[in-house]
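Take a look at the structure set out below.
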Amino acid sequence: MDASFTVDREVEILNSGGKQGGPRWKGKGAEAKALANPICSGNRAYFGHLIVNADKDKHWFQLGMEEAFFLCYTLKCLKIAGEHKHPKDDNELWQYMTSQKAAFPVFYKAYSHLRTKNWVVRPGHQYGEDFVAYRHLPSLVHSEYAVLVSSE
C-alpha cells in the first residue's frame, strides 16, 4: 500500500506539560532540550519509525497499523492508497485493517485513547507488551507505562 503524508495544519495533539510527577529524563540536558524544542510544534509530532535511505530529499517512515489509521481517520493528515493508486476512504481502510489483524479494533481503541491523552505511543514488543507510553520523545525520556491490550 502507498501512503502520502500532508502537513497542512499543525498537529497539536502532543503536549507534555502539566502532568503530575513529570517525566523521567534520559541524561543531563534532556529536559532543557525538550523544553527548547517541544514535540507539539508543527510537524514534529512523533509518529512512525524513520527508515534511512539514500535519497536525502525524501523521508520514509514505517507506521504501525494503529498509527496509520489514527493519522488517516483522526488527524486527517495521511492518505493510504490501495491498488491502482486509488485512496481508501475510512470504511475501506477499516475493513482492510480488520481483515489483516482480527484484534485491530481493540488495539486501535487503546492506541487512540493514549494518543488523545497526549502520550507518545510506541510498539512495546521488545518489553513483552503491546505498547509503551512516553510523556515526551522516547529519545529524551523513559516510558512511563507498558500497555497490554485485552478485549475482556
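Take each of the peptides 125-131, 51-57, 107-113, 63-69, average the number of other beta-carbon atoms within 10 Å over its residues, and list them starting from the highest.
On the way: 125-131: 14.0, 51-57: 6.6, 107-113: 18.0, 63-69: 20.1.
Those peptides, ordered most packed to least, come out 63-69, 107-113, 125-131, 51-57.
Can you put Leu137, Leu50 in order of Cβ neighbours within 10 angstrom, beginning with the fewest? Let's see the in-between values first.
Values: Leu137 20, Leu50 9.
Least to most surrounded, the residues fall as Leu50, Leu137.
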Show the residues, 5+ positions off or on another chain, whose built amide H is closer than 5 Å to the amide H of Tyr145. Ala133
Please give, to one decimal in nm, the separation of the simple spin-label points placed at His59 and Lys79, each 7 Å out from Cα toward the Cβ. 2.1 nm
Ser150/Lys117 FRET efficiency (R0 22 Å; Cβ-Cβ; nearest 0.05): 0.75
Of Lys88/Lys109; Lys58/Lys85; Lys58/Lys117, pairs whose Cα-Cα distance is over 24 Å: Lys58/Lys117
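Taken together, the values in this text are just the output of simple stated rules run on the coordinates, not laboratory data. Computed from a prediction, not measured in an experiment: that's the story for all the values here. Because the Cβ atoms are built from the backbone with ideal geometry, glycine has one as well, and the counts that use them run over all protein chains shown.
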